[in-house]
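For reference, the structure is listed below as structure tokens.
The values are calculated or read from the model by the stated rules, or taken from the named source; none is laboratory data. Because the structure is a prediction, the values reported are computed rather than measured. Neighbour counts run over all protein chains shown; Cβ positions are idealised from the backbone, glycine included. Ligands, DNA and RNA are stripped out before the accessible areas are found, and what is left, the full protein with its side chains, is counted by its heavy atoms. Shrake-Rupley method; radii C 1.70, N 1.55, O 1.52, S 1.80 Å.
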Amino acid sequence: MINVTKTYLPDREKLNSYIDHIYSSGWLTNNGELLQKLEKQLSDYLGVEHLLMVSNGTLALQIAYKALGLSGEVITSPFSFVATTSTLVWENLTPVFADIEKDSFNIDPTNIESKITEKTSAILPVHVFGNACNVEEIDRIARKHNLKIIYDAAHAFGVSGMSKNVLNYGDASILSFHSTKIFHTIEGGAIIFKNKEDYEKAKLMINFGISGYDRVDMLGINSKMNEFQAAMGLCVLSEIKQIIDGREKVWNKYKVYFDARPEFKTQKRNNSFKNNYAYFPLVFENEDLLLKVKKELNEKDIFPRRYFYPSLNKLSYLEKYEPCEISESIASRILCLPLFPDLSPDIQEYICETITKHTTNDD
Ligand SMILES: *Cc1c(COP(=O)(O)O)cnc(C)c1O
């Protein structure tokens, strides 16, 4: 079976040596040694300060909202994984959708200002498929209206720019380290805060608000990463260059193939930041064509995914429906193609040919 991605399993001996360490220390969770080591290595690799490891990307979002004191309405992108919106609803915040740019698939800054009301407390943009948002413009709008910015950077691991990493923008950015992401800790995530005080507050929050023996200083939750997760992370991080280089080769092949076929659209990248080759999204001319291709590939046990579908403004549990024409159109026509370092060239070719066959030779 070929999926949209394949979880990277690092060298087993290396993992065993970390597990031996856990057995001899007897320290399994609660800010353990391996966790501290991973936190330090990740901060260096990403070029960030105030990085807090948590148990998953979804709780990373929820804790960031709490630590930054969000309330009322939050302006966000309708084109993302469901967690971007569901976490807001879960925290009793109201998502307000600003439609996306049709080429970058990121929130369109020119749609943000008209959505701001006296209830708006923050903007929650997404670096979709690791493609950096127009961070300067979003920054300008947030400053003008005194709003917080939280970036859902779940896809943006290692997306560095000329002078700084994309994670250095906004009041906070969150990462997901789920097994399907390019860097993973089985399940896991992190929050990168701009301010030290917010980081310190969140650090208490993820451990029940406990600040010391017999002391509870604030309302908290349990969102800690454990030592087995950190062990996996240390192993994967030590092999991250091979992972990204391997993906780049496959990504480039798709890019060359589909750039020569203008009936398909690929994502327009923000060239001020590096690509991490996490996804290869492809936009079809219409949904029927996408469904035909998907069916044929599925029959051969190949599973590209409809990332992202449906457009989040159409979720059934929202209070009201706000139309987002571009996001709805892209969501109905986009497929992320299988992409991982050891995808065989033959299968990649088969995928490409199956996709293009239907436009030229339709039944
Ligand atoms: C994966 C993902 C999340 C959630 O992260 P988990 O670690 O799976 O909880 C949030 N936002 C986006 C955009 C994602 O892709």
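Is there a residue in region 21-30 that is among the aromatic types (Phe, Trp, Tyr), open to solvent by 30 Å² or more (accessible area, probe 1.4 Å) and without any contact (Cβ under 8 Å) to a residue 60 or more places away in the chain? Yes, because at least one residue in region 21-30 is among the aromatic types (Phe, Trp, Tyr), open to solvent by 30 Å² or more (accessible area, probe 1.4 Å) and without any contact (Cβ under 8 Å) to a residue 60 or more places away in the chain. Total residues in region 269-285 satisfying the condition of being in contact with a Ser or Thr (Cβ under 8 Å, 6 or more places away or on another chain) and either assigned to a strand (DSSP E or B) or of a type in the set (S, T, N, Q) (or both): the figure is 5. Here is the figure for region 117-143: residues that are open to solvent by 20 Å² or more (accessible area, probe 1.4 Å) and more than 18 Å from LEU68 (Cα to Cα) total 5.
Residues checked against (1) within 26 Å of GLY170 (Cα to Cα); (2) hydrophobic (A, V, I, L, M, F, W, C); (3) assigned by TED's automatic domain parsing to the domain that holds ASN30; (4) surrounded by fewer than 17 Cβ atoms within 10 Å (Cβ to Cβ):
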position	(1), (2), (3), (4)
ILE191	yes, yes, yes, no
ALA202	yes, yes, yes, no
GLY209	yes, no, yes, yes
GLY212	no, no, yes, yes
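On the given criteria, is PRO78 in a loop (DSSP other than H, G, I, E, B) and touching a strand residue (DSSP E or B) at 6+ places or on another chain (Cβ under 7 Å)? Spelling it out, PRO78 is indeed in a loop (DSSP other than H, G, I, E, B) and touching a strand residue (DSSP E or B) at 6+ places or on another chain (Cβ under 7 Å).
Just one of (1) in contact (Cβ under 8 Å) with a residue 60 or more places away in the chain; (2) open to solvent by less than 10 Å² (accessible area, probe 1.4 Å); (3) within 21 Å of THR85 (Cβ to Cβ) fails for ILE112. It is (1). What residue, among those in region 170-216 that are over 30 Å from THR5 (Cα atoms) and assigned to a strand (DSSP E or B), is nearest to the ligand (Cβ to nearest atom)? Only one residue tops the list, namely ASN207.
Criterion applied to TYR8, TYR65 was being surrounded by 18 or more Cβ atoms within 10 Å (Cβ to Cβ), within 16 Å of the ligand (Cβ to nearest atom), modelled with pLDDT of 95 or more and part of a helix (DSSP H, G or I), and the one residue passing it is TYR65. For region 288-328, the set of residues classified as under 24 Å from HIS127 (Cα atoms) and either over 25 Å from the mean Cα position of the chain (by Cα) or among the charged types (D, E, K, R) (or both) consists of ARG305, ARG306, LYS314, GLU322, GLU325, GLU328, listed by residue number.
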